[in-house]
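Before any comments, here is the structure.
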Amino acid sequence: KTEGILKSAQSLIGKLSGERDRWQNQVAELQAGLEKIPLNALLAAGCITYLGGFAEDEREAKLKEWNQMGHLGEFDFVKFMSKESEILQFKADGLPVPTYDPLDV
């Protein structure tokens, strides 16, 4: 019986160490995301106030230029401005995740 308990404990420790690695990766991703929030908010504000009157291809070009200036990588307006729960609800309802350009006003 003791061997069974020991084997179960070792199995649990192995599984938890995998979770620990996953959590550490997730923490690193979240910290990197936190550092980008001010610049992403600036980009979102710029998109809303400045780019709304431009054609879609011009908006994409300007946004790409801004991304390069801020060294942000890829900026996803919908992902930044939406809650993850909203996106998950779209999927749960069998709807496609919004791919529309929210700047089309």
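Hey, which of the helices (runs of 4 or more DSSP H) in segment 1-91, taking only ones fully inside, have at least 2 residues that are free of Cβ contacts under 8 Å to residues at least 12 places away in the same chain and out of contact with any helix residue (DSSP H, G or I) (no Cβ under 7 Å at 6 or more places or on another chain)?
Details: elements: 2-50, 56-70, 77-81.
Passing ranges, in order: 2-50, 56-70.
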Does segment 15-24 contain at least one residue that is open to solvent by 70 Å² or more (accessible area, probe 1.4 Å) and within 24 Å of VAL97 (Cα to Cα)?
no
Has segment 14-23 got at least one residue that is within 21 Å of the chain's Cα centre (by Cα) and of a type in the set (A, V, I, L, M)?
no
Please find, among GLU56, GLU29, GLU60, GLU74, the residue that is modelled with pLDDT of 85 or more and among the acidic types (Asp, Glu).
GLU29
With the requirement that a residue be of a type in the set (Phe, Trp, Tyr) and open to solvent by 80 Å² or more (accessible area, probe 1.4 Å), what does segment 34-64 give you?
TYR50
Out of (1) among the aliphatic types (A, V, I, L, M); (2) assigned to a helix (DSSP H, G or I); (3) free of Cβ contacts under 8 Å to residues at least 40 places away in the same chain, the one VAL97 does not meet is (2)
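The values are calculated or read from the model by the stated rules, or taken from the named source; none is laboratory data. All values reported here derive from a predicted model rather than from experimental measurement. No Cβ is skipped: glycine too gets one built from the backbone with ideal geometry, and neighbour counts run over all protein chains shown. We work out accessible area using only protein heavy atoms, side chains counted, and drop any ligands, DNA or RNA first. Shrake-Rupley method; radii C 1.70, N 1.55, O 1.52, S 1.80 Å.
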